[in-house]
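Notes for the one structure printed next.
Where a number appears in this text, it was derived from the coordinates with a stated rule and is not lab data. Model, not experiment: these values are computed from the prediction. Neighbour counts are summed over all protein chains in view; Cβ atoms, including those assigned to glycine, are modelled from backbone coordinates with ideal geometry.
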Amino acid sequence: MSSPLLRRGGRGAAALLGALWGVGRAARRSIIDLSYSTHFMDFQGSSIPSSMRKLVVNKLSPNFREAVSVHTAAVPTPGDADLLVRNRFVGINASDINYSAGRYDPSVKPPFNAGFEGIGEVVGLGLSASSRYTIGDTVAYFGSGAFAEYTVVPAKESVPVPAVKPEFLTLLVSGATAYIALKRLGDLAKGETVLVTAAAGGTGQFAVQFAKQAGCHVIGTCSSDEKAGFLKSIGCDRPINYTTEDLAKTLRKEYPKGIDVVYESVGGSVLEVAVNSLANKGRLIVIGFISGYQTTSGIPSFKGATLPVKLLQKSASIRGFFLPHFLSDYREALGSMMQMFAKRKLVCEVDSGELAQEGRFVGLESIFRAVDYMYAGKNLGKVVVEVAPPAVSNSKL
């Protein structure tokens, strides 16, 4: 992802402040290194070590295990406007392997840090950041380098959360994608029919709920009866288990007038079915095409020669959605979803690997298992990894 959220700047502000404090060696010291640094780095309460582990992309490849490895590095020092976050949970996204394959920003060369989203406690911060945050605050963030025990996050890009719950993590990318895509590109109207593919996954679960809240009839594809049951529990009117039902035939039989809006993340043959199933003036929103991500090109095969005529005949449209292009909508979306969750009007299903063969996803090393688990289609809800258990703190800072 090439948004400002994923490109960290230098330490210009901290360097300027350092210059104002004196000359010689003192002028080159970070603000954190000053005599009152204990107010900004909670070493005792949070047991901040001198080193940490993180996942680093060493070579470009769609094979996550091949591209990424665990590295030991110094715990980073936050700049003037930064927070140092001790990660408790990190989120797994299908696009993690697009990032490791170098597909988002060709100018970024290995080695670079992996991971898009995390949630944890503030254990250190810069002087400017201390005007808004303090040690012990809990925050979530959407930015690069999340697959680490500690991550430096610009204060202005962090999101205060009431508690370190993985449910909040589901909103950062997965929830925001569904909320903004349907709001900005879906043009949902009460009574319309909406199809959500991979509906029981991390972002699909939200698309189902938001479409239902808009008064739509919702269809959701999934791969098991268990997932179909979950979809019914969150309001899906017609779950379709594609392992036991033919998706194209079912849609033709039960929805002869077509589908008004499709929220599509699979690609390939599923995208072809979606295009053929569109109603007049139908809108198809492409938020991904996971079926091709593990290939060399990253793009699944698609028979699109007749696409223009199909769209023309139905006055239909295909619209692409990439979250970093809609950052102006991000704060409102996140705030609205957090309110819904607090009022118990939004289900944020988390899959921490309780049913995985080797058990729950705990520790950085389990991120590799979590990625495999998601790509095997085993997850129900958002895949989340617990980086570290909660710390016992006696700090009075």
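Computed from label points 7 Å out along Cα-Cβ, the spacing between Lys156 and Lys378 is 4.3 nm.
Cross-link pairs exceeding 19 Å between alpha carbons, from the set Lys232/Lys382; Lys190/Lys249; Lys59/Lys109; Lys232/Lys314: Lys190/Lys249; Lys232/Lys314.
Built from the Cα atoms of segment 173-324, the convex hull projects on average onto 8.6 nm², one quarter of its surface area.
For segment 319-353, applying the loop criterion from DSSP together with a ceiling of 13 other beta carbons within 10 Å to the trypsin sites (Lys or Arg not before Pro) yields Lys343, Arg344, Lys345. With the simple model of a label 7 Å out from the Cα in the direction of the Cβ, Leu355 to Thr306 spans 3.8 nm. Putting +1 on Lys and Arg Cβ atoms and -1 on Asp and Glu Cβ atoms, find which of Val387, Phe322, Val70 reaches farthest to the positive end of the dipole of the chain. Final value for the positive-end residue is Phe322. In loop segments of segment 253-294 as defined by DSSP, the trypsin sites (Lys or Arg not before Pro) with at most 12 further C-beta atoms inside 10 Å of their C-beta are Lys257. Under 5 Å from the amide H of Ala146 lie the amide H atoms of Gly115, Phe116, Glu117, each residue being 5 or more positions distant or on a separate chain, with H modelled from the backbone and absent for Pro and chain starts.
Each other residue within a Cβ distance under 11 Å of Val286 adds +1 if Lys or Arg and -1 if Asp or Glu, for a net charge of +1. Among the GluC sites (Glu not before Pro) in segment 281-372, those placed in a DSSP loop whose Cβ has at most 14 other Cβ atoms within 10 Å are Glu354, Glu358, Glu365.
Bridgeable aspartates and glutamates around Lys156 (alpha carbons under 20 Å apart, same-chain partners fewer than 8 residues away excluded): Asp80, Asp82, Glu117, Glu121, Asp137, Asp329, Glu332. In this structure, Gln294 and Arg132 have a Cβ-Cβ separation that, at R0 = 30 Å, corresponds to a calculated FRET efficiency of about 0.15. Rounded to the nearest 20, the size of the Cβ-charge dipole of segment 173-324 about its Cα centre is 440 debye, with Lys and Arg at +1 and Asp and Glu at -1.
Any idea how far apart Ala73 and His325 come out in nm if each label point goes 7 Å out from Cα toward Cβ? Rounded to a tenth, the inter-label distance reads 3.0 nm.
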